[in-house]
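Here is the structure we will look at.
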Amino acid sequence: MEIREMRMRLGDTQSEFAERYHIPFRTIQNWESGVRKPPEYVIHLLENQIQADLVNRRTVSLPKFDPRKENLPRRSNFVGALSWLKAIQEYLGDSFVFALDEALMCDGSFLGRSDEFIVWGYGEDSLSRFNGVMLLGNRVNALDIRERNGLRYTSFNRTLADALDNESILDMQGITEALSKYYYSNGDSFDGLFIAPKYQERFKRLANDAIKYYED
């Protein structure tokens with residue numbers, strides 16, 4: 001697979017691709033223009049990482065309003081999060097899987113914000129035509145999907161993994177609040193959560209914040 005094809009599959013610009021994988025921007029330009037050829041081992045490493053990122057897509061920046069895109073219903077026009085999410089689903093389709101803050105709203109562990117703009121989830125690339133839609137990937141394992149009130153969303157374990165993977169750009173209030181509720185409703189314990197080894201250190205910090213969340 002060529003570098004440009006890898007980048008296009010992620011939907012990244014050259015600068016976003018360079019930032020995502022910590023490769024100099026000029027190097028990406030040279031590789032794609034044919035001025036230089038990337039080493040085979042680099043291509044192999046990138047192919048493996050991109051396959052993983054297409055399943056659980058790490059993002060590097062949040063979307064901004066684009067007047068050329070279609071608009072979704074505004075959160076401020078709805079009394080509750082559930083009615084807003086159902087309105088969003090009518091635009092994005094029944095196969096769309098809500099993720100991150102929206103997944104937490106689906107299961108009632110986070111009420112959301114009245115000025116919510118970004119909608120996180122898993123779905124087809126064509127959904128990027130809507131303002132605010134932030135796709136983490138095109139599909140997610142069926143074992144990681146829950147359904148409630150006619151809405152499909154990621155399980156708490158998957159939501160937690162997605163949050164830790166995108167921590168650098170994510171407002172962590174939602175996951176911190178939800179994790180705090182989990183802890184206190186589970187006998188002051190995080191038992192039942194699966195935390196992958198690569199997230200352990202970040203989870204320790206998040207867990208500490210969650211325990212103290214309602215003390216502030």
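Hey, can you tell me all the residues within segment 1-15 that are surrounded by fewer than 17 Cβ atoms within 10 Å (Cβ to Cβ) and either among the charged types (D, E, K, R) or within 14 Å of I43 (Cβ to Cβ) (or both)?
Answer for segment 1-15, where residues must be surrounded by fewer than 17 Cβ atoms within 10 Å (Cβ to Cβ) and either among the charged types (D, E, K, R) or within 14 Å of I43 (Cβ to Cβ) (or both): M1, E2, R4, E5, R9.
Among I169, I211, which is of a type in the set (V, I, T) and either within 18 Å of F98 (Cα to Cα) or within 20 Å of the chain's Cα centre (by Cα) (or both)?
Selected residue: I169, the only one of I169, I211 that is of a type in the set (V, I, T) and either within 18 Å of F98 (Cα to Cα) or within 20 Å of the chain's Cα centre (by Cα) (or both).
Consider segment 1-16. How many of its residues are in a helix (DSSP H, G or I) and either under 17 Å from the mean Cα position of the chain (by Cα) or more than 22 Å from S168 (Cβ to Cβ) (or both)?
Restricting attention to segment 1-16, the residues satisfying the condition of being in a helix (DSSP H, G or I) are 3-10, 14-16.
Then drop every residue that is not either under 17 Å from the mean Cα position of the chain (by Cα) or more than 22 Å from S168 (Cβ to Cβ) (or both), which leaves 3-5, 8-10, 16.
Final tally of qualifying residues: 7.
Quickly run through segment 89-104 and pick out the residues that are in a loop (DSSP other than H, G, I, E, B) and either farther than 14 Å from G150 by Cα or among the charged types (D, E, K, R) (or both). Explain how you work it out, then say what you get.
So in segment 89-104, the residues in a loop (DSSP other than H, G, I, E, B) come out as 93-96, 99.
The answer is D94, A99.
Per-residue answers, yes or no, for (1) free of Cβ contacts under 8 Å to residues at least 40 places away in the same chain; (2) assigned to a helix (DSSP H, G or I); (3) among the β-branched types (V, I, T):
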position	(1), (2), (3)
S128	no, yes, no
R139	no, no, no
A161	no, yes, no
Y183	yes, yes, no
G187	yes, no, no
F190	yes, no, no
I195	yes, no, yes
N208	yes, yes, no
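Select from segment 126-156 the residues that are out of contact with any strand residue (DSSP E or B) (no Cβ under 8 Å at 6 or more places or on another chain) and either crowded, with 21+ Cβ neighbours inside 10 Å or closer than 17 Å to M105 by Cβ (or both) and list them in ascending order. Don't jump to the end; show me each part of the working.
At the first step, the residues of segment 126-156 found to be out of contact with any strand residue (DSSP E or B) (no Cβ under 8 Å at 6 or more places or on another chain) are 126, 141-143, 148-150, 156.
Answer for segment 126-156, where residues must be out of contact with any strand residue (DSSP E or B) (no Cβ under 8 Å at 6 or more places or on another chain) and either crowded, with 21+ Cβ neighbours inside 10 Å or closer than 17 Å to M105 by Cβ (or both): R148, N149, G150, F156.
Go through the residues of segment 24-46 one by one and say whether even a single one is in a helix (DSSP H, G or I), among the charged types (D, E, K, R), under 23 Å from L136 (Cβ atoms) and at pLDDT below 95. Give the derivation first.
Taking segment 24-46 as the starting set, the residues that turn out to be in a helix (DSSP H, G or I) are 25-33, 40-46.
Pick out the ones that are also among the charged types (D, E, K, R) and you get 26, 32, 40.
Next, from what is left, pick out any that are under 23 Å from L136 (Cβ atoms): none.
No.
Looking only at segment 73-82, decide whether some residue is at pLDDT below 95 and among the charged types (D, E, K, R).
Looking for residues that are at pLDDT below 95 and among the charged types (D, E, K, R), one finds at least one in segment 73-82, hence yes.
What is the number of the single condition among (1) part of a strand (DSSP E or B); (2) in contact with a Gly (Cβ under 8 Å, 6 or more places away or on another chain) that W120 does not meet?
Only one criterion in (1) part of a strand (DSSP E or B); (2) in contact with a Gly (Cβ under 8 Å, 6 or more places away or on another chain) is unmet by W120, namely (2).
The values are calculated or read from the model by the stated rules, or taken from the named source; none is laboratory data. All values reported here derive from a predicted model rather than from experimental measurement. All Cβ positions, glycine included, derive from the backbone under ideal geometry; neighbour counts span all protein chains shown.
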